[in-house]
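K.L.:
This is the structure, below, for whatever I ask next.
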Amino acid sequence: MELILSSLRSTPEYTSFLEALRGGAKSLPALGLSRAARLPTLAALHHDLNQPILLLTDRADHAIALHDELAFWLPGAKRYLFAEPNPLFYEQAAWGVNTRRERLDALSALSAYHLPGAEKPEKAPIIVASVRALMTRTLPRRDFLKACKTLKLNGEYQTESLIRAWSELGYELADTVTGPGQFSRRGGLLDIWPPALPAPVRLDFFGDELDAIRSFDPATQRTLAKLESVLVTPAREFIASTEKVESGNLSTFQLPDNPELSEFHIPILHPFPATLLDYLPPKALILADDFSLMETMAAEIEEQAVRFRQESIHEGTLPPDFPVPYLSWSELSDAIRVKPSLALGFSAADWGTDLEAEKRIGGAEKEADSALSLASVFGHDQRFGGRLKPFVEYLLA
């Protein structure tokens, strides 16, 4: 694996392409890489740029497969699957526990690039998402960052205020913390498990002073590590504060068979539409399998959503003025174009390219079949039939 990536990074085609990205190019021409060459190229870019990468694909199963395969090409990198919710758009159902955690993990990782004083990760994260996951509205970045709170050792905090704030952020009160998104209270001890942390945290108060912070094993209750601070992030992709509920006129949309708040109410509680794209830092790179396939899939999803909305309104299970819970492909594509982005495979002819970038990649007289095409690096005229030794010898030649 290291040999393949090293060979790729040493080619003049890759070097020229990397210079174009570092030069600030936005919409680059589609690379036209075969599927087998796409993840190695992503791995090489991640190594050289060390900037967050968002990898987009058309379907959820493709996203899962790409996320799993990245473990081979980038074993030490932070990989996040930004999952798509199981309920259909306009369907009154809460999201699954795993879906919530996977999505919040990705949002929390990207929030480090925006939180004042937060330490950026040493290795930039890679987020994999399907079209539908990207279309789904989420908690606006400003609200997410505002809700995050760092608790520091020896700091003074009112436990009642903390408990009230955690409830508004979606944390559930439990007798014992056994999973992410839960908290418990026993005298001067508060246990909480922020979704982005691998283990819950125990806060030991002496009056209002935070006397000790330690992570612990939820199964054995044994201390894993003593901490100087802990960052508490939202446990849901909406904030159910009294102010939000009242300003959102929730009673207008509240339905008898769905008395509790869920992700269904995101567009009501947070009228400003937001997606994962809003959490990306300026230098983040957006890569796509194929923008054409993504556009087609987005059109099918939206067509299904419109049909389901009409049926639900006709049946009286959805108010006629219920806000749209997703962003259309035209809205997403506009947001993608203003960021560094390109298709690893093929793309629609009208997606748009950075002509200056084309010149940097292949020279002023660049042609489609130029010898400096990055895709040509992966071309070969030999087959090895599963024989590893001849394959390695071929690479070293």
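K.L.:
Identify, by number, the condition in (1) at pLDDT 95 or above; (2) touching a helix residue (DSSP H, G or I) at 6+ places or on another chain (Cβ under 6 Å) that ALA305 doesn't meet.
P.N.:
Every listed condition holds for ALA305 apart from (2).
This table checks each residue for (1) in a helix (DSSP H, G or I); (2) farther than 20 Å from TYR90 by Cα; (3) open to solvent by 80 Å² or more (accessible area, probe 1.4 Å).
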| residue | (1), (2), (3) |
| --- | --- |
| LEU277 | yes, yes, no |
| PRO282 | no, yes, yes |
| GLU295 | yes, yes, yes |
| ALA298 | yes, no, no |
| ILE313 | yes, no, no |
| ASP321 | no, no, yes |
| GLY345 | no, yes, no |
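K.L.:
Right, next: Please determine, by comparing only the residues of region 160-189 that are in contact with a helix residue (DSSP H, G or I) (Cβ under 9 Å, 6 or more places away or on another chain) and more than 22 Å from SER108 (Cβ to Cβ), which one is most open to solvent (accessible area, probe 1.4 Å).
P.N.:
Of everything passing the filter in region 160-189, ARG185 is most open to solvent (accessible area, probe 1.4 Å).
K.L.:
Okay, next question. Would you pick out the residues in region 56-83 that are in a loop (DSSP other than H, G, I, E, B) and open to solvent by 80 Å² or more (accessible area, probe 1.4 Å)?
P.N.:
The answer is ARG59, PRO75, LYS78.
K.L.:
Residues in region 43-55: is at least one small (Gly, Ala, Ser) and open to solvent by 30 Å² or more (accessible area, probe 1.4 Å)?
P.N.:
Looking for residues that are small (Gly, Ala, Ser) and open to solvent by 30 Å² or more (accessible area, probe 1.4 Å), one finds none in region 43-55, hence no.
K.L.:
Hey, does region 202-225 have a residue that's open to solvent by 50 Å² or more (accessible area, probe 1.4 Å), assigned to a helix (DSSP H, G or I) and in contact (Cβ under 8 Å) with a residue 12 or more places away in the chain?
P.N.:
no
K.L.:
Could you tell me whether any residue of region 64-78 is closer than 21 Å to TYR326 by Cα and under 12 Å from the mean Cα position of the chain (by Cα)?
P.N.:
no
K.L.:
Return the only residue of GLU160, GLU168 being out of contact with any strand residue (DSSP E or B) (no Cβ under 9 Å at 6 or more places or on another chain), touching a residue at least 60 places away in the same chain (Cβ under 8 Å) and farther than 30 Å from GLU303 by Cα. Step through it out loud before you land on a result.
P.N.:
On the way: GLU160 fails: touching a residue at least 60 places away in the same chain (Cβ under 8 Å).
Only one candidate passes the filter, namely GLU168.
K.L.:
If LEU104 satisfies all but one of (1) of a type outside the set (D, E, K, R); (2) closer than 19 Å to GLN304 by Cβ; (3) under 13 Å from the mean Cα position of the chain (by Cα), what's the number of the condition it fails?
P.N.:
Result: LEU104 passes all but (2).
K.L.:
To continue, here is another question. When you look at GLU13, is it of a type outside the set (Phe, Trp, Tyr) and surrounded by fewer than 17 Cβ atoms within 10 Å (Cβ to Cβ), yes or no? Write out each step before concluding.
P.N.:
Numbers: of a type outside the set (Phe, Trp, Tyr): yes; surrounded by fewer than 17 Cβ atoms within 10 Å (Cβ to Cβ): no.
No, not satisfied.
K.L.:
List every residue pair whose Cβ atoms sit under 9 Å apart, with the two residues 6 or more apart in sequence or on different chains, where the first one lies in region 310-332 and is farther than 20 Å from LEU269 by Cβ and among the hydrophobic types (A, V, I, L, M, F, W, C) and the second, anywhere, is open to solvent by 30 Å² or more (accessible area, probe 1.4 Å) and outside any loop (DSSP other than H, G, I, E, B).
P.N.:
If the second residue must be open to solvent by 30 Å² or more (accessible area, probe 1.4 Å) and outside any loop (DSSP other than H, G, I, E, B), the pairs left are TRP329/GLU295; TRP329/MET297; TRP329/ALA299; TRP329/GLU302.
K.L.:
If you check ASP334, ASP321, which single one turns out to be out of contact with any Ser or Thr (no Cβ under 6 Å at 6 or more places or on another chain) and either within 30 Å of ARG22 (Cβ to Cβ) or modelled with pLDDT under 90 (or both)? It would help to see each step written out before you state the result.
P.N.:
On the way: ASP321 fails: either within 30 Å of ARG22 (Cβ to Cβ) or modelled with pLDDT under 90 (or both).
Matching residue, one of ASP334, ASP321: ASP334.
K.L.:
Just to verify a result, which residue in region 99-121, among those that are at pLDDT 90 or above and of a type in the set (D, E, K, R), is nearest to VAL232 (Cα to Cα)?
P.N.:
Across region 99-121, the extreme among qualifying residues is ASP105.
K.L.:
Taking the conditions exactly as written (at pLDDT below 65 and open to solvent by less than 20 Å² (accessible area, probe 1.4 Å)), does ALA357 satisfy them or not? First the steps, then the outcome.
P.N.:
Numbers: at pLDDT below 65: yes; open to solvent by less than 20 Å² (accessible area, probe 1.4 Å): yes.
Yes; evaluated as a whole, the condition is true for this residue.
K.L.:
Scan the helices (runs of 4 or more DSSP H) fully inside region 1-50 and keep the ones with 3 or more residues being in contact (Cβ under 8 Å) with a residue 12 or more places away in the chain and touching a strand residue (DSSP E or B) at 6+ places or on another chain (Cβ under 9 Å).
P.N.:
35-49
K.L.:
Hey, does region 123-146 have a residue that's open to solvent by 20 Å² or more (accessible area, probe 1.4 Å) and either in contact with a Cys (Cβ under 6 Å, 6 or more places away or on another chain) or among the hydrophobic types (A, V, I, L, M, F, W, C) (or both)?
P.N.:
There is at least one residue in region 123-146 that is open to solvent by 20 Å² or more (accessible area, probe 1.4 Å) and either in contact with a Cys (Cβ under 6 Å, 6 or more places away or on another chain) or among the hydrophobic types (A, V, I, L, M, F, W, C) (or both).
The values are calculated or read from the model by the stated rules, or taken from the named source; none is laboratory data. The shown structure was predicted, so the numbers you read here are calculated from the model rather than taken from an experiment. Neighbour counts run over all protein chains shown; Cβ positions are idealised from the backbone, glycine included. Each accessible area value is taken on the protein alone, full model and side chains, heavy atoms only, with ligands, DNA and RNA left out. Shrake-Rupley method; radii C 1.70, N 1.55, O 1.52, S 1.80 Å.
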